[in-house]
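Single-structure report; data block below.
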Amino acid sequence: EMFCGSSAVMVACGGRHTLVLTALGLAHGGLVWSCGSGDFGQVGHGDQATHLVLTLVAEERFKDALVVMVAAGGGHSVALGTDGTVWTWGLNNFGQLGHNDAHNRLVPTQLVGGVLGGSGAVLVSAGGFHTVAVMIDGALWAW
């Protein structure tokens with residue numbers, strides 16, 4: 001059964017990949033599924049393969065974070081945890097992943113430290129080659 005019996009609650013379409021967030025319950029975050037081109041790791045499965053069917057992004061990739069939102073850019077992906085954590089993966093040629101380097105990531109990688117001013121995020125969005133987050137304190141961060 002698709003999505004392990006859960007329902008899709010959000011979909012995000014990137015340049016050549018798609019992310020789906022499914023619900024586990026009202027008090028929990030969801031599971032992230034992806035398909036499409038993995039040229040830069042944007043599907044988050046640890047490889048650069050193309051996945052023709054929606055495939056679960058391993059839950060352990062997000063550590064203990066419960067994912068409540070996903071966004072897809074041109075060649076990168078973003079997830080938001082209930083605790084305000086931000087996770088990015090895929091193409092990083094312009095720093096769109098927010099890790100202060102230009103290295104692509106094949107799996108979801110948490111933004112750490114004071115990268116976002118020490119405040120948690122409440123909303124994320126991804127453009128072709130950039131990412132934006134709205135923080136709990138109302139600040140807007142773009143990278």
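The values are calculated or read from the model by the stated rules, or taken from the named source; none is laboratory data. Please read all numbers here as calculations on a predicted model, not as lab measurements. Every residue, glycine among them, receives a Cβ derived from its backbone with ideal geometry; neighbour counts consider all protein chains shown. Side chains are part of the model used for accessible areas, which takes the heavy atoms of the whole protein and leaves out ligands, DNA and RNA. Shrake-Rupley method; radii C 1.70, N 1.55, O 1.52, S 1.80 Å.
For the range 69-112, taking the reciprocal of the average inverse distance between every pair of different Cα atoms yields a Kirkwood hydrodynamic radius of 10.2 Å.
Using alpha carbons only, what's the Rg to Rh ratio of the chain with Rh from Kirkwood?
That ratio is 0.94, to two decimals.
Taking 7 Å steps out from each Cα toward its Cβ at residue 7 and residue 137 produces label points 3.7 nm apart. About its Cα centre, the range 18-143 has a charge dipole of approximately 120 debye under the convention of +1 per Lys or Arg Cβ and -1 per Asp or Glu Cβ, with nothing else charged.
Roughly to the nearest percent, how much of the accessible area of the chain is carbon and sulfur, given a 1.4 Å probe? Walk me through the intermediate numbers first.
Values: 3980 of 6760 Å².
With neighbouring chains kept in place, the figure for the chain is 59 percent.
Solvent-accessible surface of the chain, taken per residue with a 1.4 Å probe and all protein chains present: 47 Å².
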